[in-house]
Amino acid sequence: MSSPRPFYLMPGCGKAALEYVIWHYALVLAPKRITCNVVIPGITKTKEWKEIDPTELAERRCPMKEVIQPEDVGAALAFLVSPKVRFITGAFLPVDGGLMLV
């Protein structure tokens, strides 16, 4: 287990606030059969990467050693909005190649 990261205080607080909001709305909207979920993408190949090569970063940090493609994130979103998963609510789905495990 790694030690706490001091630079993660603000993002960590933001994540905790988002989790609370999602759980709150999932609970409030459940009687109306409205689901509320979150997809958490990892190192995703986008045009915004300028300073660092995302492939190199993924090979160093991600257990699957691969950059996530936007289509992978889209597939997770499509899954969560499909009628087949109508009882999944208040969930956080990481699409990160195992990045959250390290």
Filtering segment 42-61 for residues that are assigned to a loop (DSSP other than H, G, I, E, B), hydrophobic (A, V, I, L, M, F, W, C) and at pLDDT 85 or above leaves a count of 1
Of the listed residues (V73, V21, V39), the one being assigned to a strand (DSSP E or B) and not acidic (D, E) is V39
Go through P83, P54 for me and flag whichever is out of contact with any Phe, Trp or Tyr (no Cβ under 6 Å at 6 or more places or on another chain) and surrounded by 16 or more Cβ atoms within 10 Å (Cβ to Cβ). P54
List pairs: first in segment 59-80 and under 16 Å from V38 (Cβ atoms), second of a type in the set (S, T, N, Q), Cβ under 7 Å, 6+ apart or cross-chain? I68/T44; V73/T44; L80/N37
Would you mention how many residues in segment 15-61 are over 18 Å from A91 (Cβ atoms), in contact with a helix residue (DSSP H, G or I) (Cβ under 9 Å, 6 or more places away or on another chain) and not aliphatic (A, V, I, L, M)? 5
With the structure loaded, tell me whether I34 is modelled with pLDDT of 85 or more and not in a helix (DSSP H, G or I) or whether it fails that test. yes
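The values are calculated or read from the model by the stated rules, or taken from the named source; none is laboratory data. Since this is a predicted model, take the numbers as computed values, not measurements. Note that we place each Cβ from the backbone using ideal geometry, even for glycine, and neighbour counts take in every protein chain shown.
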